[in-house]
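The structure appears below as structure tokens.
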Amino acid sequence: MTMRRALIVIGLLALPTCLLAQRPPGRTVGDVTTIGNLIHLELEPGAVVPARPFDLDQRTLRFSPEDVGYRVENVALQWDDQFGTETDSAVTLRNFAFPFSGRRYTSFDVGIGELTFPDERTENRVGFEMERYARMLNVGRSFINMVPGIAAYVKPRLDGETFVKELPDRVVVTWTLSEAPGGIQSFTWEPTVNRIQAVLHDNGIIELSYNDVSARDGIVGVFPLVDAGVADVLRTHAQMDLSDVRPGDGPFLAAFEGFHWSQSPRPQDVACTIIGEYGDRFDFIASYSDFRVDDPEGGTPSTGPRGGDVKGIGRDMGGLDTYCSQGRLQAMFVQPISTAAVQQHERSPDGRMDDYDYAVSQIAHELGHRWAAFASALVDGERIPLGPTHWAAGVHLPAAFPYARPYEADIMGGSTWQENPDGTWTQLDRDFYNPAKGWSWPALYLMGLASPEEMPPFFILRNLQRAGQTDAQDRPIYRGEKIVITIQDVIAAMGPRTPTHDVAQKNFNTAIVVITEPGRQPTDVLLDNARNIAQKWVEYFSTTTGGRGTMTVEPR
């Protein structure tokens, strides 16, 4: 692909991305069939933007200044094996001032895979900023005029060592990085190898080199500051194919590429495709795939039309029409979880995670957002938020029916607290959903699975501060102000839950969907994992609701 063609393609792809922000109604995006109790969605051609993984390993990009821009060359690997001194702070140049973005800089900030230059024009901002669920397909555009800087290889969830060496005519920055291993949002159980090098020459030439890079999604490029009017044009047209640059191309005011996995189908489209075929019979939709989607995390956030006509829980119904539901669909995954993600694995190599615990944690937590944690309480005339989105860390919420351990906190957050004789509090279980854990009594009330009369009082610790101590099991100790809360305080703040416990929904159905790219059938690994996760989800729901609720995974 020539440079000119690359620019045209990127310009066309920007249009659907803008339209998505308007949240149009969902549409059918593929063919669906059943495989046992699973639904297979084979995406139609053109349903999503295909992956463009990193393809510059063992190569060097050379950016040579010309006029107000850069010529870009892709050349054989240039690599300096002498890394210099490890650093985690700003670098001050002693031998020369580096010309960049219309200035000459004698210092720069070193981040993970990036170099940025303090400049009053951007209020001396340090580093490129990305949101948690950054999409590598598009996020590079947001770097334009964010800060003058160089993205040697920028993506979330990288960490490691940085080395700097200054020579008379250049400075060499080398990163040895790993993608985050072993966590619920990871794609690897073990550290990975990513060796990246940036060389800044005194004449303004920039070289970015890649020597054994295992990551395949990220932003690479050069981002000097430009005029405001030009910036709008560049956000559409500056992205290019860096593996196909030609000597005559350019110069470019800014030059970058966002390497990415496949774009995820919109949740509205997945919902409409499933409901259009099988009817409005699903409370939840959880999806899995054998391809990675454009997200730095292995899991998924949740979204939803919030069907079920539930009130008094801090969230009302909404958005049903865009999901093609007439009133039932309540929550779903934003994107499929890939077989590449560790949470699709049954167990970890070290045995610390077993029995699809990561997968059960994710599905329970994300679909649990239907009910929690948006509640508040009215205590002595003061409205006290207990969330939002996740239960606050200070809320004491032991699981009513634990899944694995007797001292679990709620799957949606909160903690279990133990009061100590000196007035401090030990956090027995932290405010996070991994490993899988049960629901608290307040959560069961919001779910319609417990009556107000069953609710024991609970409490919140406000003004939490670390006491600088841990107990014998290395659990943290805090100080905080205890405020007791009753279910009547919650009802006073939000009104009674309706439908009430005696008539509330007790039986729920989840569509377990396996998604494949056009022309592909699901792999045996994907099918086996999805079946096992479905079974564990059913068992989990029965266990953690004390048998008060049931979950099925029936497509018909």
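The values are calculated or read from the model by the stated rules, or taken from the named source; none is laboratory data. Since this is a predicted model, take the numbers as computed values, not measurements. Glycine gets a Cβ as well: all are built from the backbone with ideal geometry, and neighbour counts include every protein chain shown. For the accessible areas, the whole protein counts, side chains as well, though only heavy atoms, and no ligand, DNA or RNA atoms are used. Shrake-Rupley method; radii C 1.70, N 1.55, O 1.52, S 1.80 Å.
With only Lys, Arg, Asp and Glu charged, each at its Cβ (+1 for the first two, -1 for the last two), find how big the charge dipole of the stretch 355-484 is about the Cα centre; round to the nearest 20 debye.
Here the size comes out at about 240 debye.
For the stretch 59-73, just list the computed ³J(HN,Hα) in residue order, Karplus coefficients 6.51, -1.76 and 1.60, θ = phi - 60°, integers in Hz, with x standing in for Gly and Pro.
10, 10, 9, 10, 9, 10, x, 8, 6, 9, x, 9, 8, 10, 10
Across 5 Å bins from 0, what is the distribution of all Cα-Cα pair distances for the stretch 382-531, in whole percents?
Percent of Cα pairs in each bin: 2, 9, 15, 17, 16, 13, 8, 8, 7, 4, 2, 1, 0, 0.
Excluding Ser348 itself, what net charge comes from residues whose Cβ is under 14 Å from its Cβ, given Lys and Arg +1 and Asp and Glu -1?
Neighbour charge sum, excluding Ser348 itself: -4.
When Lys and Arg each count +1 and Asp and Glu each count -1, what net charge do the other residues less than 14 Å away from Arg315, Cβ to Cβ, add up to?
Spelling it out: positives minus negatives among the neighbours equals +2.
Could you state how much accessible area Ser542 has, in square angstrom rounded to the nearest 10, with a 1.4 Å probe and all protein chains kept in place?
Spelled out: Ser542, probe radius 1.4 Å, area about 60 Å².
Putting +1 on Lys and Arg Cβ atoms and -1 on Asp and Glu Cβ atoms, find which of Gly46, Thr339, Ile274 reaches farthest to the positive end of the dipole of the chain.
My answer, from the dipole projection, is Ile274.
Any idea what % of Cα-Cα pairs in the stretch 458-556 are farther than 18 Å?
For the stretch 458-556, the fraction of Cα-Cα distances above 18 Å is 72 percent.
Residue separation times 0.36 nm, minus the C-alpha to C-alpha distance between Gln488 and Arg121: what's the value?
126.8 nm
Chymotrypsin sites (Phe, Trp or Tyr not before Pro) within the stretch 501-545: which are DSSP loop residues with at most 14 other Cβ atoms inside 10 Å?
none
Can you compute the charge dipole magnitude of the chain about its Cα centre, using +1 on each Lys and Arg Cβ and -1 on each Asp and Glu Cβ, nothing else charged? Give it in debye, rounded to the nearest 20. Let's see the in-between values first.
Values: 50 positive and 72 negative charges, 196 e Å.
The calculation lands at about 940 debye.
What number comes out for accessible area per residue over the stretch 73-114 if the probe is 1.4 Å? Units Å², please.
With the other protein chains kept in place, the stretch 73-114 gives 56 Å² per residue.
Positive end of the dipole of the stretch 227-267, charges at C-beta (+1 Lys, Arg; -1 Asp, Glu), about the Cα centre: which of Gly250, Thr236, Ser264 has its Cα farthest in that direction?
It is Ser264.
Leaving out ligands, DNA and RNA, and with a 1.4 Å probe, what % of the accessible surface on the chain is carbon or sulfur?
Carbon and sulfur atoms account for 50 percent of the accessible area of the chain.
Loop-only check: which trypsin sites (Lys or Arg not before Pro) in the stretch 139-225 are DSSP coil with at most 11 other Cβ within 10 angstrom?
Sites meeting the loop and neighbour criteria: none at all.
Helix 228-237 versus the longest principal axis of the chain: what is the Cα-based angle in degrees, 0 to 90, to the nearest 10?
Computed tilt is about 80 degrees.
Starting from the Cα of Thr552, step 7 Å along the direction of its Cβ; do the same at Arg520; then give the gap between the two resulting points in nm.
Inter-label distance under the simple model: 3.2 nm.
Counting Lys and Arg as +1 and Asp and Glu as -1, each charge on the Cβ, what is the dipole of the stretch 86-233 about the Cα centre in debye, to the nearest 20?
200
I'd like to know which of Val29, Thr192, His390 lies farthest towards the positive end of the charge dipole of the chain, counting +1 on Cβ of Lys and Arg and -1 on Cβ of Asp and Glu.
Of Val29, Thr192, His390, it is Val29.
In terms of solvent-accessible area of protein heavy atoms at a 1.4 angstrom probe, what is the ranking of Trp417, Trp261, highest value first?
Trp261, Trp417
Quick check: the angle from helix 267-278's long axis to the longest principal axis of the chain, C-alpha only, nearest 10 degrees?
50
Along the Cα-to-C-beta direction of Asp528, a point sits 7 Å from the Cα; which residues of the stretch 325-359 have their amide N less than 11 Å from that point?
346
If R0 is 56 Å, what FRET efficiency do you get for Glu73 and Glu453 from their C-beta distance, rounded to 0.05?
With a Förster radius of 56 Å, E is 0.15.
How large is ³J(HN,Hα) for each residue in the stretch 370-380, as worked out from phi by the Karplus curve 6.51 cos²θ - 1.76 cosθ + 1.60 (θ = phi - 60°), to whole Hz, x for Gly and Pro?
4, 10, 9, 10, 10, 6, 9, 10, 10, 10, 6
As an exercise, identify the GluC sites (Glu not before Pro) in the stretch 430-497 lying in DSSP coil whose Cβ has no more than 10 other Cβ atoms within 10 Å.
none
So if I average 1/r over every pair of distinct C-alpha atoms in the stretch 309-348 and take the inverse, what Kirkwood radius in Å does that give?
One decimal place: 13.1 Å for the Kirkwood radius.
Please compute the length gained on full extension between Thr470 and Thr543, using 0.36 nm multiplied by the number of residues separating them and subtracting their Cα-Cα distance.
Result: 23.1 nm gained on full extension.
For the chain, what is the Kirkwood hydrodynamic radius in Å, using each pair of distinct C-alpha atoms? Don't jump to the answer; show the numbers that get you there.
On the way: mean 1/r = 0.0387 Å⁻¹.
Evaluated over the chain, this radius sits at 25.8 Å.
Averaged over all directions, how much area does the convex hull of the C-alpha atoms of the stretch 52-91 cover when projected, in nm²?
5.2
For the stretch 469-486, what does the Karplus curve 6.51 cos²θ - 1.76 cosθ + 1.60, with θ = phi - 60°, yield as ³J(HN,Hα) per residue in whole Hz, taken in order and with x for Gly and Pro?
Result, rounded to whole Hz: 9, 9, 8, 5, 9, 6, 8, x, 10, 10, 10, x, 9, 7, 10, 7, 10, 10.
With a sphere of radius 12 Å drawn around the Cβ of Gly327, what net charge do the other residues whose Cβ falls strictly inside it have (Lys, Arg +1; Asp, Glu -1)?
Here the count lands on -1.
Enter the angle in degrees (range 0 to 90, nearest 10) between the Cα long axis of helix 3-20 and the first principal axis of the Cα atoms of the chain, meaning the one along which they spread out most.
For helix 3-20, the angle is close to 20 degrees.
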